[in-house]
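Notes to accompany the following structure.
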Amino acid sequence: MEIIRDLDAIARHPYPVVAFGNFDGVHLGHRAIMKAAMDRARAAGGTAFALTFDPLPSKLLFPERAPKLILLPEDKLELLRISGIDGVIVMHFTREFSLIEPRDFVRDYLVGRIGVREVVVGHSVNFGHRRAGNASVMVELGREFGFDTTVVGPVKQAEMEVSSTKIRELISSADVRAAAKLLGRYHFLHGRVVRGRERGRTIGFPTANLESETECVPPDGVYATRVVLDHGHYASITNIGMRPTFNETTRSVEAHIFDFNRDIYGHRIKLELIERIRGEKKFASADELKQQIAQDLTRAREILASA
C-alpha cells in the first residue's frame, strides 16, 4: 500500500478514486466507504485512495473537547492497508489549512493535485472552513469540477448506526462486545509492556503491565482479553483500574496471559478487549482477591472459548 504525505510530489495515477474521511476506528461504515471506492476504481481500471488528516482536525482546533481516538495513527494505517485500498493520502492538518473553504479544497487539492475522477464520502462527512462542506456540497462540487460523487450510508449493524461516536460511547460504558459488532473486530489497546509493582506475581498471578498509547480505554474493571504478539494471539484476563485492594493511586492496565512464561518487558503489544467480566472492587484481603480471581479466570476462559 502506498502512503502519500506530500501532495506536491504526488505522481499521476490512473483514474484516481478517493474515499474521504477521518477513518478513526476503520469501522464497518468506513469499510463500506472504502469498498465503494475500490469497486469504482476497479471497474474503471483506476486507483483507490483513502484520504485522511494528521492530526485529526478536532485534536488541533478543539483539543479540550476533542474525542478520545479509537486508534493510534499507525494502527489506522495498518487497518486501512488490510482493507485492500491501493494507497492512503495523509494530509498534514494545520490551523492555516482549517481556513480553506470547501470549494477551494476540492478545486486545489482533490482536483488540482490528485486529479480525482470520483469521490466517495460517508453521509455525515464534513470538510472545509467551519465544517461548511457536507455530502450534498461534495455532490454539487463534483458536478462543477467534473467528478462523480458516491455517498455511502448510513450503515447499520445490530440495529445501531455505525459511527465512531457511537463506538466511543459503547467503549466508555464498558460494552466492548457491542463496540466490536460496529467495528467488525475487537477494540484493542496498543502500547509497551513496562515494569509495575508486580503485585500480581506476589499472589500467584503475574501480569504484563501495559502502558497504553491508545486513548480510548474502557472503564475500570476485569475483562476477558487476548494479547497479540508478533508470533500469535494469547488468551488473557486483564484488570483496568486502581487496584483498590492494595490502595494504589495510579491507574494501570495489567494482563495475566494464560499458560505463558516468556519475558516481554519492553515489547509493544496489542490487547484485544473481548468482554467485561465485572467492575473493579476492593477486597478485604489478598486471599479474598485470589478467590475472586480464580472465578474470573474461569469466566474469562468461557468467554474466550466462544469468542
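The values are calculated or read from the model by the stated rules, or taken from the named source; none is laboratory data. Being a predicted model, the structure only gives us computed values, none of them experimental. As a convention, Cβ positions derive from the backbone with ideal geometry for all residues, glycine included, and neighbour counts pool all protein chains shown. We work out accessible area using only protein heavy atoms, side chains counted, and drop any ligands, DNA or RNA first. Shrake-Rupley method; radii C 1.70, N 1.55, O 1.52, S 1.80 Å.
Does at least one position in the stretch 243-262 carry a residue that is under 24 Å from Asp75 (Cβ atoms), part of a strand (DSSP E or B) and touching a residue at least 60 places away in the same chain (Cβ under 8 Å)? Yes, because at least one residue in the stretch 243-262 is under 24 Å from Asp75 (Cβ atoms), part of a strand (DSSP E or B) and touching a residue at least 60 places away in the same chain (Cβ under 8 Å). Within the stretch 210-240, the set of residues being within 15 Å of Ile293 (Cβ to Cβ), buried (at least 21 other Cβ atoms within 10 Å of the Cβ) and of a type outside the set (A, V, I, L, M, F, W, C) comprises Tyr223, Thr225, Ser236, Thr238, Asn239.
Given the structure, is Pro16 surrounded by 15 or more Cβ atoms within 10 Å (Cβ to Cβ), under 16 Å from Phe147 (Cβ atoms) and without any contact (Cβ under 8 Å) to a residue 60 or more places away in the chain? Criteria not met by Pro16. If you take the residues of the stretch 19-46 that are touching an Asp or Glu at 6+ places or on another chain (Cβ under 9 Å) and not in a helix (DSSP H, G or I), which of them is surrounded by the most Cβ atoms within 10 Å (Cβ to Cβ)? Per the stated criteria, the residue is Val26. Each residue in the stretch 109-129 was checked for being within 25 Å of the chain's Cα centre (by Cα) and without any contact (Cβ under 8 Å) to a residue 24 or more places away in the chain, and 1 pass. Residue check: Ala66 meets all listed conditions (1) farther than 22 Å from Lys181 by Cα; (2) touching a residue at least 24 places away in the same chain (Cβ under 8 Å); (3) surrounded by 15 or more Cβ atoms within 10 Å (Cβ to Cβ); (4) not polar (S, T, N, Q) but one, namely (2). Would a scan of the stretch 104-123 turn up a residue that is open to solvent by less than 40 Å² (accessible area, probe 1.4 Å), within 26 Å of His187 (Cα to Cα) and among the hydrophobic types (A, V, I, L, M, F, W, C)? Yes, there is a match, as at least one residue in the stretch 104-123 is open to solvent by less than 40 Å² (accessible area, probe 1.4 Å), within 26 Å of His187 (Cα to Cα) and among the hydrophobic types (A, V, I, L, M, F, W, C). Quick check on the stretch 75-100: of everything there that is in contact with a Lys or Arg (Cβ under 9 Å, 6 or more places away or on another chain) and outside any helix (DSSP H, G or I), which residue is most open to solvent (accessible area, probe 1.4 Å)? Of everything passing the filter in the stretch 75-100, His92 is most open to solvent (accessible area, probe 1.4 Å).
Just to be sure before I move on: is Arg243 open to solvent by 60 Å² or more (accessible area, probe 1.4 Å), touching a helix residue (DSSP H, G or I) at 6+ places or on another chain (Cβ under 9 Å) and either within 29 Å of Glu169 (Cβ to Cβ) or among the aromatic types (Phe, Trp, Tyr) (or both) in the structure I sent? No; evaluated as a whole, the condition is false for this residue.
For (1) in contact with a Cys (Cβ under 9 Å, 6 or more places away or on another chain); (2) open to solvent by 20 Å² or more (accessible area, probe 1.4 Å); (3) over 18 Å from Pro206 (Cβ atoms), each residue gets a yes or a no:
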residue: Phe258; (1), (2), (3): no, no, no
residue: Asn261; (1), (2), (3): no, yes, no
residue: Arg268; (1), (2), (3): no, yes, yes
residue: Arg278; (1), (2), (3): no, yes, yes
residue: Ile293; (1), (2), (3): no, yes, no
residue: Ser306; (1), (2), (3): no, yes, yes
